[in-house]
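Enquirer: The following block contains the structure, expressed as structure tokens.
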Amino acid sequence: MRVEQRKSVNYIYRTMLKEFIKRHKWKYISGILFLICLNLLQLVVPRITGNIINGVVDGVIQENKLLGYSSIVVLVSFLIFVFHFLSRLQLISVANLYDYLIRKKIFRHLESLSMSFFNKVGVGDIMALSANDLSAVRMAMGRGIILTINTVVLIVSSIIIMSKSINMRLTLLIFIPFPILVLVMLKFGRVINKRFTKVQESFADLTRKAQENISGIRVLKSFTEEENEINSFKQLNQKNYEYNMRLVRIQGLFLPLIDFLSNSIYMITLLYGGILVIRGEMMVGDFVAYNSYVGIILRPLSMFGKIITSVQRGMASMFRVQQLLDVESEIADTSNTEATYHKLKGKIEFKNVTFSYTKQAKHALKNISFEIEPGKTVAFVGRVGSGKSTIANLILRFYDVEQGEIMLDSKNIKELSLSTLRENIGYVPQESFLFSQTIAYNIAFSEQ
């Protein structure tokens, strides 16, 4: 599953997200609008609170006006609840829909790939990708989008309100730690992406090892290889643990550092704002409202670490998923393939066929030629590895030959559609396998 490293936002957007976002743009637009309304409504309460405190301190506010303010706060709180529900309903549902569609796409893609792909890529790799990576993608597309929009809207809106209605100088102090914050996020974001990719790869190795041992448990026990396999699994498990700890260490440093920078903003505004109140240059209600706005800003700022982690994990996982989807089947119908299904008589010809499973491996078959007439019974005998199963695999076109031709009814099998070829052939593989279904299901599998 190695392809050229085109790990960029544009590449992932073009290959994985563009069509989906266009198809479901109204869900995204409505969800984002609900989210913006939710965040703007949250900014109303601190201003109302500040007005109430100023009115109480100056002695100009009356009980009926206080009741009116309280009613507004209750109404705003109810609207926040409604928009909170609606925004999550739209954005989380569309993330779950993408997860559903991409899982279906991956499964369909896996079913279309040739046998050579599964010879090179272990089941554990595919299972790890289907479980961990797709979960990371779903989180990035749902929670990641919500956190990002919350952060942007709350910070921009709060700063505008604070600068226009409270105190411009005090507002400007918020920006002192911002350059450091941006540098920290950029630096740590790249590191988190790389380390999470390593974690996913090592998890795939671990899953593959577990799958192989469970599937081959009879062989292991027959040859008393349990201890060797335990030690081998231990090494992979240790590697996975170390990669996870490297990721935990960088996240353990990153998240507290974001909190530290966020709290430093709060302390700067608290100190300078307190001085302004003592000097009489700022009203107590405005100071309380200002600190409420700072709290609103700091809440999403403190979430920046989680946003970066979620988005970077999602990007790394999206790239791994795209690597799989970029793999093309070596065996597929072409423009020269017959389009319609038809019954074959069954004449088989091998003409100077040469084949090896990989470029590095020795030839499984070399210059093999024979002819089998319809209705005849033929048996191939020979030692293990002599190519008996390979002949059956090539007739079914699980693989394509390197040299020579395989003919069915005097036609090259590459000119027959895969459905025509395989539906005309009854095949009983030497590997025993039962699906996790009823006995009747397994017996009648080809008729399902």
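Enquirer: Filter the GluC sites (Glu not before Pro) in segment 339-433 down to the DSSP loop ones having no more than 10 other Cβ atoms within 10 Å, then list what survives.
Expert: When the GluC sites (Glu not before Pro) of segment 339-433 are filtered for loop state and at most 10 Cβ neighbours within 10 Å, Glu431 remain.
Enquirer: If we restrict to alpha carbons, what Rg and Dmax does segment 324-425 come to, in Å?
Expert: 14.2, 43
Enquirer: Hey, with R₀ at 45 Å, roughly what FRET efficiency would Met115 and Leu79 work out to, going by the Cβ-Cβ distance, to 0.05?
Expert: Efficiency, rounded to the nearest 0.05: 0.20.
Enquirer: Right, next: Roll a 1.4 Å probe over the protein heavy atoms and report the accessible area of Val284 in Å², nearest 10.
Expert: 70 Å²
Enquirer: Please give the FRET efficiency for Glu330 paired with Leu257, using the beta carbon to beta carbon distance and R0 = 35 Å, rounded to the nearest 0.05.
Expert: Between Glu330 and Leu257 the formula returns 0.15.
The values are calculated or read from the model by the stated rules, or taken from the named source; none is laboratory data. Keep in mind the model is a prediction, meaning the values are calculated, not measured. A quick note on method: Cβ atoms are made from the backbone with ideal geometry, for glycine too, and the neighbour counts reach across all protein chains shown. These area figures cover heavy atoms from the full protein model, side chains too; ligands, DNA and RNA do not enter into them. Shrake-Rupley method; radii C 1.70, N 1.55, O 1.52, S 1.80 Å.
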